[in-house]
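First the structure, in the form of structure tokens, and then the observations on it.
The values are calculated or read from the model by the stated rules, or taken from the named source; none is laboratory data. Keep in mind the model is a prediction, meaning the values are calculated, not measured. Neighbour counts are summed over all protein chains in view; Cβ atoms, including those assigned to glycine, are modelled from backbone coordinates with ideal geometry.
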Ligand code: C2O
């Protein structure tokens, strides 16, 4: 194993998209940002130096951070932000993970332009449990705003309304030919015939789940959230913000004299396909003569499921199964120590004085778990916990069950008001947790990509309607459930997850739709130290930023 050193200079950078040039915040003047490449077992050191006026933190999304919670990155959860002119050295070791993850800013909406791939290769002398690809290519989905995304969310929070939707979906930062002024901003994948390519798909999108397909080609999914899975083949996939997946793409055995579109569009919003809610890139074959062949060739388009294809999504997510191979697969907890039932959904809170709010009945939009809309403190919770001064920072009384149950998928209750606060759950070291995530129909059923920091969880069950504690557990998969860090809680349905609380620290859990996180769909878990030294969180590095 080795140590990998990186420097991330947070700097301004000018980018032209959709006919406009604007200044964005970037890492090292790159958009999308640089790749982190490491092998399983390597130590990664990233020195993040902030040269801009915004406060910044970086999160290594999906990295387990075993006993290195100080490097996790969410602002006001594990650290105070890195202020202008300051730097912070993120120090973590990659343990038991291989595949693709990504890094992104974790403060306000800065992740709209601050993101990039994390590529975890197998240990030296180890190979993939599938055919070795000829080439590997990161394919990152994102969203682009013409306006400053920070201004967009600040204004939305002030007026209590929704933010405007992004102006484009992007692949590797490029909107593609269906957007104005964008045909030269199109992602192109140039391939040779008869080869296997591995696409490392990453959803850094802000507020939408996306369908993705490549015309006249199938994809074999071999890994999800940096865990190998039982391979399966599909024409279309759904990728949710915060999810990553590796797919194998076999190219045609011959030179096809055609260009194939790869395209992505949202699951829940937008109307058509191949309009300005579709990002497209080109899959192009290199001509055997080596010359670039011009052009007049046929263009094939993929077909994508229509908006709100919940049936497609339910079938698709059921296909994910773990490899169930002890070499790569952790064991799903068979016995549960603690059960939780969390309602996940939208709601409302009072409109601030002198504002006109755009939520239901003139209220302000909010989002909540068990009716609690989480408010981040102004200091880092992990420090408050570690140094035992949590007074006035957070309380440890997050509700295990909804305080007043209702029919979650029926007629919504009249009172949609949420309560606000900073409430956490405390777990003893090595507790096995079962958590039911129930979507609510308040303000419309909507899918929510729930992301847990510090752990992978097993998805043991999923269904539509209200979760039934007497019936549904009988169908749980405790043999080969998928292990991941982000799961779409289905609109009008529920998922059941299990995890082992073997990582001491304070761990954020939230909807990876940035707007829902801003509205309060978030909470945090405290996992206490275990008795052994190897089960304790070490003290923070001395240079950790101060608030
Ligand atoms: Cu990808 Cu808390 O984030």
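Some points to look at:
- In the set (1) touching a residue at least 40 places away in the same chain (Cβ under 8 Å); (2) surrounded by 16 or more Cβ atoms within 10 Å (Cβ to Cβ); (3) assigned to a loop (DSSP other than H, G, I, E, B); (4) touching a strand residue (DSSP E or B) at 6+ places or on another chain (Cβ under 6 Å), the condition left unmet by residue 245 is number (3).
- The combined condition, being part of a loop (DSSP other than H, G, I, E, B) and modelled with pLDDT under 95, is fulfilled by residue 161.
- Count of the stretch 479-509 residues which are within 14 Å of the chain's Cα centre (by Cα) and either free of Cβ contacts under 8 Å to residues at least 12 places away in the same chain or more than 16 Å from the ligand (Cβ to nearest atom) (or both): 0
- Verdict on residue 139 being surrounded by 18 or more Cβ atoms within 10 Å (Cβ to Cβ), in the same structural domain as residue 272 (by TED's automatic domain parsing), on the phi < 0 side of the Ramachandran plot and outside any strand (DSSP E or B): no
- Every residue from the stretch 111-136 that is in the same structural domain as residue 26 (by TED's automatic domain parsing) and within 26 Å of residue 278 (Cβ to Cβ): 111, 112, 113, 114, 115, 116, 117
- Residue in the stretch 342-356 that is part of a loop (DSSP other than H, G, I, E, B) and closer than 18 Å to residue 412 by Cβ present: no
- Hey, residue 233 assigned to a strand (DSSP E or B), within 16 Å of the ligand (Cβ to nearest atom) and at pLDDT 95 or above or not: no
- Which listed residue is in contact with a helix residue (DSSP H, G or I) (Cβ under 9 Å, 6 or more places away or on another chain), in a loop (DSSP other than H, G, I, E, B) and either surrounded by fewer than 20 Cβ atoms within 10 Å (Cβ to Cβ) or not assigned by TED's automatic domain parsing to the domain that holds residue 519 (or both), from 207, 216: 207
- Every residue from the stretch 174-201 that is more than 21 Å from residue 241 (Cβ to Cβ) and in a strand (DSSP E or B): 188, 189, 190, 191, 196, 197, 198
- In the set (1) away from the ligand (no atom under 16 Å from the Cβ); (2) touching a residue at least 24 places away in the same chain (Cβ under 8 Å), residue 512 fails one condition alone, (1).
- Strands (runs of 3 or more DSSP E) fully within the stretch 40-125 that include at least 3 residues being under 20 Å from the mean Cα position of the chain (by Cα) and within 13 Å of the ligand (Cβ to nearest atom): 58-61, 99-105, 115-121.
- Any chance residue 333 is closer than 30 Å to residue 474 by Cα, modelled with pLDDT of 95 or more and buried (at least 17 other Cβ atoms within 10 Å of the Cβ): yes
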